[in-house]
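Taking it in order: structure first as C-alpha cells, then the write-up.
The values are calculated or read from the model by the stated rules, or taken from the named source; none is laboratory data. Predicted model, so just to flag it, every value in this text is computed and none were measured. Ideal geometry is used to build each Cβ from the backbone, glycine not excepted, and the neighbour counts take in all protein chains shown. Heavy atoms of the whole protein, side chains included, go into the accessibility calculation; ligands, DNA and RNA do not. Shrake-Rupley method; radii C 1.70, N 1.55, O 1.52, S 1.80 Å.
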Amino acid sequence: MPSLTPDLDPSMPTNAPVMSSNHPATKAASAVVGLQWGDEGKGKLIDLLAAEHDAVVRYNGGANAGHSVVIDGQRFALHLVPCGVFHEHSIGVIGNGVVIDPVKLVEELEELRGQGFGVAPERLAISDRAHVVMPYHKAEDALREEVLTSSAAGSPKVYDQAIGTTRRGIGPAYSDKANRATAIRMGDLLRPEVLREKLERVCYFKNVLLGSHGPIEGQPHEPLDPASLAERYLAIGDHLRAHIVDTTYLLHDMLHEGRRLLFEGANATLLDVDHGTYPYVTSSNCSSLGIPAGSGVPGRWVGAITGVLKAYSTRVGSGPFPTELADETGDRIRERGREFGTTTGRPRRCGWLDLVAVRYSAMVNGVDELGLTLLDVLSGFDELKVCVAYRLKDGSTTERFLPDASALAGAEPVYEVMTGWDEDITAVRHRADLPGAARQYVELIEAHARVPITTIGVGPDRAQTVR
Ligand code: GDP
Ligand code: IMO
Ligand code: MG
C-alpha cells in the first residue's frame, strides 16, 4: 500500500504560517462585526478604526448592506464600497466572499465621486473570484418573496412567510455560487468568450424558471437574451478592469509587508446563514467566522474583533424578535433613532436590548471588545428594560439564545428594569461624564456580555464618540 505521507524535501519552502499564535503578527488584522440583526452602526465604527489600518476589507454580503458614515454633518451611505474610503491612505478590498452587483457598484463609485471622494483604481481592489449579482437574481429574489407572500399573484398556496429580503438578489446569487453551473464571477467579466458561453447556459435555466411564473413585481418575464446581456456586462467589466485582481495574494502581500487590515462585516451575526435565526437570515456568514473563507486570510491573523451593538434592538424584514415593541415605546425609539433602512428605506422594527442574543453573538464571533452605539437615543425614558433571559413555553427559563426561528418564536423575554436618564448626552466625550444611570446601563451590558465596551456612540457623527 502506498504511503499516505508525501516525501518532503526539507529545502522546499512551505506554506507554514510565519507566526505562532502569540507572535505580534497575529495583531495585523482586526474586524468589526454586527452582533444583532444589522444596522448597529458598523459603518461609523469602521470609519473610525480605518484611520489606524491600511486597508478595509469586505468579506461577505453584497448591496443588501447599508453602512452610514457621517462626517461634519455630511451623510454617506455605502453598500459595496468599504467604509475606509474617506481616509486617503486606506485601500478598499472587496473579497471573494462578497456578491457584487457591478451596476450598483459603478453607481456608488459615481455618487462618491460627485460627493468629492473619487476612488482611484489603486485604492479599490475587487476579487476576480467574487460572484456577480445579475438582473435575473433580483427577479428570482422577488419571485421567491412574492410566492411566499399571501398576496402572490398566481401563487398556488397562501404562505405569508416571506423572508422580507432587500430584493438585491443576494440569496439567488449565493445559490448560483453553490450551484456552480449557473454562476458568473467578476473575473468572467474580463473574459469575453467565457462570459458569452456561460450566459448561453445560464439564460436557458433562468428563462425556464422565470418564464414559468406569472408576472413578477407586476412585470411579465421578458426572455433573457444571452448575447445582449454578455455585451452589457463585458462593458461593465471593462469599466472596472483596473480594480479586478487576485485579492487573496494582495491581502497576504500586505500582511507580509506589515500593513494592517480591517475586516468589515456586513449584515450581522443574527442574520448569519449558519448561526442566525434561520431561515430568517441572509445567505452568507456575516459573523467573524466568514472572514477566512470570504477573504482567503486565515483567522489566526485577526487579533482584535470589535462587536457592534446598538443600545436597543432593531430588525428589518421578517423573523422572530423576542423583545419587539409593537407599541408607542417602539415608535418612540424608531423616531428618535431614525430607524428607517439605509438600503430600502423600510421602517425598522424596534425593541428593548436583548442581552441573551448579544452574549451569544459575542461568543460566536470571539469578540474582544464592544462598540455600543445609539446610546443617545435612550435619553428621556423613565425606565429601560433589558432582556437577560428567556422564558420558554414549558415554563423554564434559559440564558441561552435559540438560533432557530421556530424555537425563538416561543421565547418570552425576562427583563431587568433599569432607571433611565433625562440628560442629552450627544456632547459627552468621556465615559465618566455620562449620567450615572447611563453609566449603569453600560456596565450592565459589559457584565452580561462579559466583554468591555471601548467605544460609545452618542450621535451619528464621527465626532460624537466616547472612546
Ligand atoms: P450599519 O449598517 O451597521 O453600518 O448601520 P446603518 O448605517 O444602517 O444604521 C445606523 C444608523 O445609526 C445610521 O443612520 C447612523 O448614522 C446612525 N448612528 C450610528 N451611530 C450612532 C449613534 O451613536 N447615535 C445616533 N443617534 N445615531 C447613530
Ligand atoms: P447592514 O450591513 C439589516 C436582512 C433583510 C432580510 C434578511 C435577508 O446594513 O447591517 P437579504 O436581502 O440579505 O436576502 O435579506 O436580512 N438584512 C439586513 N438587515 N441590515 C443589513 O445589513 C441587512 N442585510 C440583510 O432585511 O430580513
Ligand atoms: Mg445598515
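State all residues of region 331-345 that are open to solvent by 50 Å² or more (accessible area, probe 1.4 Å), under 21 Å from Ala65 (Cα atoms) and either more than 17 Å from the chain's Cα centre (by Cα) or away from ligand 3 (no atom under 16 Å from the Cβ) (or both); if no residue qualifies, say none.
Passing the criteria: only Arg338.
Kindly evaluate Arg431 against the criterion of being modelled with pLDDT under 95, closer than 21 Å to Ala51 by Cβ and within 29 Å of the chain's Cα centre (by Cα).
Considered against the rule, which asks whether it is modelled with pLDDT under 95, closer than 21 Å to Ala51 by Cβ and within 29 Å of the chain's Cα centre (by Cα), Arg431 comes out as no.
Do we find a residue being over 30 Å from Glu146 (Cα atoms) and within 16 Å of ligand 1 (Cβ to nearest atom) anywhere in region 264-275?
Yes.
Give me the pairs, please: first residue somewhere in region 212-235 and open to solvent by 60 Å² or more (accessible area, probe 1.4 Å), second residue anywhere and not polar (S, T, N, Q), beta-carbon distance under 6 Å, and either six or more positions apart or on two chains.
Pairs found: Glu217/Ala142.
Restricting to region 311-322, what's the tally of residues that are within 11 Å of ligand 2 (Cβ to nearest atom), assigned to a loop (DSSP other than H, G, I, E, B) and not aromatic (Phe, Trp, Tyr)?
Qualifying residue count, region 311-322: 4.
Could you tell me whether any residue of region 294-310 is in contact with a Ser or Thr (Cβ under 9 Å, 6 or more places away or on another chain), outside any strand (DSSP E or B), of a type in the set (Ser, Thr, Tyr) and modelled with pLDDT under 95?
No, region 294-310 contains no residue that is in contact with a Ser or Thr (Cβ under 9 Å, 6 or more places away or on another chain), outside any strand (DSSP E or B), of a type in the set (Ser, Thr, Tyr) and modelled with pLDDT under 95.
Starting from residues that are of a type in the set (Phe, Trp, Tyr) and open to solvent by 10 Å² or more (accessible area, probe 1.4 Å), keep the ones in region 242-293 and report whichever is nearest to ligand 3 (Cβ to nearest atom).
By that ranking, first place goes to Tyr280.
Need pairs with beta-carbon distance below 9 Å; first residue more than 18 Å from Arg346 (Cα to Cα) and within region 159-174, second within 16 Å of ligand 1 (Cβ to nearest atom); sequence gap 6+ or separate chains.
Hits for this filter: Gly171/Thr165; Gly171/Thr282; Ala173/Gly62; Tyr174/Gly62; Tyr174/Thr282; Tyr174/Ser284.
I'd like to verify a number: residues in region 175-198 that are among the charged types (D, E, K, R) and touching a Leu at 6+ places or on another chain (Cβ under 6 Å), how many?
1
Give me the residue from region 399-418 that is touching a strand residue (DSSP E or B) at 6+ places or on another chain (Cβ under 6 Å) and free of Cβ contacts under 8 Å to residues at least 40 places away in the same chain and, out of that set, nearest to Val356 (Cα to Cα).
Val414
Look through Asp382, Asp424, Asp368 and report the one residue that is within 27 Å of Asp274 (Cβ to Cβ) and open to solvent by 60 Å² or more (accessible area, probe 1.4 Å).
One residue alone meets the criteria, Asp368.
Return the total of residues in region 28-50 being among the small types (Gly, Ala, Ser), within 22 Å of Thr282 (Cβ to Cβ) and either more than 9 Å from ligand 1 (Cβ to nearest atom) or in a helix (DSSP H, G or I) (or both).
Of the residues in that region, 2 qualify.
Run down Arg391, Arg359, Arg400 and say which single residue is under 26 Å from Asn267 (Cβ atoms) and surrounded by fewer than 16 Cβ atoms within 10 Å (Cβ to Cβ).
Arg400
For region 173-207, enumerate the residues that are in contact with a His (Cβ under 8 Å, 6 or more places away or on another chain), part of a helix (DSSP H, G or I) and not hydroxyl-bearing (Ser, Thr, Tyr).
Answer for region 173-207, where residues must be in contact with a His (Cβ under 8 Å, 6 or more places away or on another chain), part of a helix (DSSP H, G or I) and not hydroxyl-bearing (Ser, Thr, Tyr): Ala173, Asp176, Lys177, Met186, Asn207.
Return a yes/no flag: does region 124-136 have any residue that is surrounded by fewer than 19 Cβ atoms within 10 Å (Cβ to Cβ) and closer than 30 Å to Arg348 by Cα.
yes
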